[in-house]
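> Sharing a structure with you now.
The values are calculated or read from the model by the stated rules, or taken from the named source; none is laboratory data. Note that the structure is a prediction, hence the values are computed from the model and not measured. Here the Cβ is made from the backbone with ideal geometry for all residues, glycine too, and neighbour counts use every protein chain on show. Surface accessibility is based on the protein's heavy atoms, side chains included, excluding ligands, DNA and RNA. Shrake-Rupley method; radii C 1.70, N 1.55, O 1.52, S 1.80 Å.
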Amino acid sequence: MTLLSVNNLATEFNTQAGPRRAIDGVSFSVERGEVLGIVGESGSGKSVTALSIMGLIDPQVGRISGGSITFDGRDLVGLKLAELQALRGKRISMVFQEPLSALNPCFTIGDQIGEVFVAHGDGAGAATRARVLELLKLVHIPDPEGILRRYPHEISGGMRQRAMIAMALAYTPDLLIADEPTTALDVTIQAQVLNLIDRLRQELKLAVILITHDIGIVAQYTDRVAVMYGGRIVETGPAETLLSAPRHPYTIGLLASVPRLGARRPGERLQEIPGTVPSITEILPGCRFASRCAHRMSRCDEQAPALVERAPGQAAACWWTEAA
Ligand SMILES: Nc1ncnc2c1ncn2[C@@H]1O[C@H](COP(=O)(O)OP(=O)(O)O)[C@@H](O)[C@H]1O
Ligand SMILES: [Mg+2]
């Protein structure tokens, strides 16, 4: 059953040249209980997509300028602040990359998790304290009673991220958005946190949007994948088929830059994709990846390709793929 459906989303920011789209016609859906991976290099629009869903685009600097975000049958775009706040932290929660900047340094971990309940009108009594303790146990924090009284800087990065996840799960949301939840962590701790999210998904039947720049993570922890580039989805499909038979040159490039993944021929070496993600102020009528693409044709610079299904459930937005 579809829980979240994003349709033709456009999110723009004010720039010196006027409003420019950071997200330009993005559509995807998330089923209940499934993990959707959103992958792409830094600057491709992953966080802006997440913040748009959460209603957290600062109105001083930007806005959702088109499309709809339907969550459990309700369009979140244009919802009143109070209605959004009632959903946030309760039915949709988000975990950020750097828990230290998301946590308040002046409050103990126990007080901050407790604050989620207070914010939703549930008070700070004994029942809340018991629930906070239960949450810390749920995310496998050793010595939860001790951690309750600690300040964020007094615990490790891995424990802080677990505390953030506990906070996000306070009300057992339907949807958890994890935006590069392990990027700031050591490799061994990364795996622990990702395994934790995976276990919680199964136990609590959460839908998860797992955002990462690391396509290696996608293979292990997601059911379906959307590959983003320049504020658009360039390829989408089931994780298994998309990773074993990528259609878009950008996906192929991402896979070729990851050790142990991708269909590399013997002797072929790992390669970074040359060039960088375009800025939102660059006006490009065609495919935004064209300047970095090994298969560029004249059409690529003239007209933006639309997502076209190439295999069951797998679609790519690419003129070269379409011509093949
Ligand atoms: N507040 C902002 N003002 C202007 N541009 C922004 C703002 N936030 C993000 N952007 C731009 O939007 C694009 C997408 O950013 P983001 O979603 O953060 O990328 P990602 O999370 O994939 O690394 C980038 O080009 C970024 O510079
Ligand atoms: Mg980001």
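> Restricting attention to the stretch 174-188, does a residue exist that is of a type outside the set (Val, Ile, Thr), surrounded by fewer than 19 Cβ atoms within 10 Å (Cβ to Cβ) and either more than 21 Å from Arg91 (Cα to Cα) or not assigned by TED's automatic domain parsing to the domain that holds Glu31 (or both)? Before you say what the answer is, go through the steps one by one.
Step one: list which residues in the stretch 174-188 are of a type outside the set (Val, Ile, Thr), which gives 174-176, 178-181, 184-186.
Now drop any that are not surrounded by fewer than 19 Cβ atoms within 10 Å (Cβ to Cβ), which leaves 184, 186.
Remaining after also requiring either more than 21 Å from Arg91 (Cα to Cα) or not assigned by TED's automatic domain parsing to the domain that holds Glu31 (or both): 184, 186.
Within the stretch 174-188, one or more residues are of a type outside the set (Val, Ile, Thr), surrounded by fewer than 19 Cβ atoms within 10 Å (Cβ to Cβ) and either more than 21 Å from Arg91 (Cα to Cα) or not assigned by TED's automatic domain parsing to the domain that holds Glu31 (or both).
> Starting from the stretch 166-188, take each residue that is within 15 Å of Leu138 (Cα to Cα) and list its partners that are within 16 Å of ligand 2 (Cβ to nearest atom) and open to solvent by 10 Å² or more (accessible area, probe 1.4 Å), counting only C-beta distances under 8 angstrom and pairs at least six apart or across chains.
Correct list of pairs: Ala168/Met94.
> Go through (1) open to solvent by 10 Å² or more (accessible area, probe 1.4 Å); (2) assigned to a loop (DSSP other than H, G, I, E, B); (3) within 13 Å of ligand 2 (Cβ to nearest atom) one by one and return the number of the condition Val48 breaks.
Result: Val48 fails condition (2) only.
> What is the one condition in (1) open to solvent by 30 Å² or more (accessible area, probe 1.4 Å); (2) away from ligand 2 (no atom under 16 Å from the Cβ); (3) assigned by TED's automatic domain parsing to the domain that holds Leu51 that Arg299 does not satisfy?
It is condition (3) that Arg299 fails.
> Assess whether Asn14 counts as being at pLDDT 95 or above, near ligand 1 (Cβ under 9 Å from one of its atoms) and of a type outside the set (Phe, Trp, Tyr). Before the answer, list the steps.
Numbers: at pLDDT 95 or above: yes; near ligand 1 (Cβ under 9 Å from one of its atoms): yes; of a type outside the set (Phe, Trp, Tyr): yes.
For Asn14, the condition - at pLDDT 95 or above, near ligand 1 (Cβ under 9 Å from one of its atoms) and of a type outside the set (Phe, Trp, Tyr) - is met.
> Restricting attention to the stretch 13-30, which residues are over 21 Å from Thr276 (Cβ atoms) and open to solvent by less than 50 Å² (accessible area, probe 1.4 Å)?
Step one: of the stretch 13-30, the residues over 21 Å from Thr276 (Cβ atoms) are 14, 18-19, 25, 27-30.
Correct list: Gly18, Gly25, Phe28, Ser29, Val30.
> With the structure loaded, tell me whether Gly33 is over 16 Å from Leu210 (Cβ atoms), open to solvent by less than 50 Å² (accessible area, probe 1.4 Å) and assigned by TED's automatic domain parsing to the domain that holds Thr70 or whether it fails that test. It would help to see each step written out before you state the result.
Values: over 16 Å from Leu210 (Cβ atoms): no; open to solvent by less than 50 Å² (accessible area, probe 1.4 Å): yes; assigned by TED's automatic domain parsing to the domain that holds Thr70: yes.
Taking the combined requirement at face value, the residue does not satisfy it.
> Do we have Ile64 as assigned to a strand (DSSP E or B) and within 15 Å of ligand 2 (Cβ to nearest atom) here? Break it down stepwise before answering.
Working: assigned to a strand (DSSP E or B): yes; within 15 Å of ligand 2 (Cβ to nearest atom): no.
Taking the combined requirement at face value, the residue does not satisfy it.
> Follow-up question, since we're still on this one. Regarding the stretch 107-116, can at least one residue be identified that is surrounded by fewer than 21 Cβ atoms within 10 Å (Cβ to Cβ), touching a helix residue (DSSP H, G or I) at 6+ places or on another chain (Cβ under 8 Å) and assigned to a loop (DSSP other than H, G, I, E, B)?
Checked against the condition, which is being surrounded by fewer than 21 Cβ atoms within 10 Å (Cβ to Cβ), touching a helix residue (DSSP H, G or I) at 6+ places or on another chain (Cβ under 8 Å) and assigned to a loop (DSSP other than H, G, I, E, B), the stretch 107-116 yields at least one hit.
> From Val35, Val30, Val77, Val39, grab the single residue that is more than 16 Å from ligand 2 (Cβ to nearest atom), under 19 Å from Gln97 (Cβ atoms), touching a Ser or Thr at 6+ places or on another chain (Cβ under 9 Å) and of a type in the set (Val, Ile, Thr). Steps first, please.
Details: Val30 fails: under 19 Å from Gln97 (Cβ atoms); Val77 fails: under 19 Å from Gln97 (Cβ atoms); Val39 fails: more than 16 Å from ligand 2 (Cβ to nearest atom).
None of the others qualify; the one that does is Val35.
> Surrounded by 14 or more Cβ atoms within 10 Å (Cβ to Cβ) and within 16 Å of ligand 2 (Cβ to nearest atom): does that describe Gln97?
Details: surrounded by 14 or more Cβ atoms within 10 Å (Cβ to Cβ): yes; within 16 Å of ligand 2 (Cβ to nearest atom): yes.
Criteria met by Gln97.
> For the stretch 67-87, which residues satisfy the criterion of being within 19 Å of Lys46 (Cα to Cα) and either modelled with pLDDT under 95 or outside any loop (DSSP other than H, G, I, E, B) (or both)?
The first filter runs over the stretch 67-87 and keeps only residues within 19 Å of Lys46 (Cα to Cα), leaving 67-71, 76-77.
Answer for the stretch 67-87, where residues must be within 19 Å of Lys46 (Cα to Cα) and either modelled with pLDDT under 95 or outside any loop (DSSP other than H, G, I, E, B) (or both): Gly67, Ser68, Ile69, Thr70, Phe71.
> I need a count of the residues in the stretch 213-233 that are touching a helix residue (DSSP H, G or I) at 6+ places or on another chain (Cβ under 8 Å) and open to solvent by less than 10 Å² (accessible area, probe 1.4 Å).
Of the residues in that region, 7 qualify.
> Look through the stretch 169-193, keep the residues that are at pLDDT 95 or above and not in a loop (DSSP other than H, G, I, E, B), and return whichever of them is farthest from Ser47 (Cα to Cα).
Going through the qualifying residues, I end up with Leu175.
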